[in-house]
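*Asks:* Next up is a structure, given as structure tokens.
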Amino acid sequence: MFEEYDFVRDESDTGQAIQTSTGNYNHVAIYLDGMIYHASGQDGVICQEPADFFESNHLYDLYVYPEIDIRLVKEKACKHLGAPYNASFYPDGHGFYCSQYIAEILPIFETIPMKFGDGKQDISDFWREYYRELDLPVPLNQTGTNPSQLAASPLLECKERNLHDSDF
């Protein structure tokens, strides 16, 4: 059995807003037994072939967690398949966003205050508009996770950086 965490960077507006607010990454997934498990904004929690995942996620870094109990993590990962995407990023929102899903199936990560700034203001214009369309207040400083924060965990080891979809 084999596992890796794929931390992704992309150029989409949402991806850039997440990276501006939180760090280097805007998405995280886990590779277990030849399949990619993650929470997708379009499809909710899914399991998919690596070729399908990397079709839309082109630049990524690989990390590993040497202490993983793959059987238990895969069992938890499968349990949540089909759950909706938590587009509100609220900790009690319905479903999961990507790092929330990973933290649920591998509960080794701390929660932190969520950030939505852009270096100039605590809440960027992108996030103001995003939450206006959801008709919700921005969950600034509520507890949560993000891909960059998970990648910074001292429990993970970076295996390879700056890979492209063709490297997988």
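*Asks:* Please compute the modelled spin-label separation between D33 and T14, points set 7 Å along Cα→Cβ, answer in nm with one decimal.
*Replies:* With each label point 7 Å from Cα toward Cβ, the separation is 2.9 nm.
*Asks:* Determine the share of the chain's accessible area contributed by carbon and sulfur atoms, expressed in whole percent, with a 1.4 angstrom probe.
*Replies:* Working: 4130 of 8570 Å².
Using a 1.4 Å probe with all protein chains present, the chain comes out at 48 percent carbon and sulfur.
*Asks:* Output wanted: per-residue J couplings in Hz (rounded whole) for segment 138-145, from phi through Karplus 6.51 cos²θ - 1.76 cosθ + 1.60, θ = phi - 60°, x for Gly and Pro.
*Replies:* Using θ = phi - 60°, the values come out as 5, x, 3, 6, 6, 6, x, 9 Hz.
*Asks:* Whats the longest run of the chain with zero GluC sites (Glu not before Pro) that are DSSP loop and have at most 11 other Cβ atoms within 10 Å?
*Replies:* Values: sites that count: E11, E67, E110.
With a cap of 11 other Cβ atoms within 10 Å, the longest stretch comes to 111-168.
*Asks:* Students often get this wrong: which residues of segment 30-68 have the backbone nitrogen under 12 Å from the point 7 angstrom along Cα-to-C-beta of S153?
*Replies:* Under cut-off, by backbone N: 30, 63-68.
*Asks:* Collect residues whose amide H, placed 1.01 Å from N in the peptide plane, falls under 5 Å from the amide H of H27; neighbours closer than 5 in sequence don't count.
*Replies:* For H27, whose amide H was placed from the backbone, the distant partners under 5 Å are V8.
*Asks:* Continuing with this model, one more query. Using 0.36 nm per residue of separation minus the Cα-Cα distance, give me the extension gain between I108 and V64 in nm, one decimal. Kindly include the intermediate steps, with their values, before the conclusion.
*Replies:* Numbers: separation 44, 0.36 × 44 = 15.84 nm, distance 1.29 nm.
14.5 nm is the gain from fully extending I108 to V64.
*Asks:* Follow-up question, since we're still on this one. Please compute the per residue accessible area over the chain with all protein chains in place, 1.4 Å probe, rounded to a whole number of Å².
*Replies:* Values: 8570 Å² over 168 residues.
That works out to 51 Å² per residue.
*Asks:* With +1 on the Cβ of every Lys and Arg and -1 on the Cβ of every Asp and Glu, and nothing else charged, how large is the dipole of the chain about its Cα centre, in debye rounded to the nearest 20? Can you show the working numbers first?
*Replies:* Numbers: 11 positive and 28 negative charges, 93 e Å.
Rounded to the nearest 20 debye, it is 440 debye.
The values are calculated or read from the model by the stated rules, or taken from the named source; none is laboratory data. All of these numbers come straight from a predicted model, not from anything done at the bench. Neighbour counts are summed over all protein chains in view; Cβ atoms, including those assigned to glycine, are modelled from backbone coordinates with ideal geometry. Please note that ligands, DNA and RNA were not included when accessible areas were found on the heavy atoms of the full protein model with its side chains. Shrake-Rupley method; radii C 1.70, N 1.55, O 1.52, S 1.80 Å.
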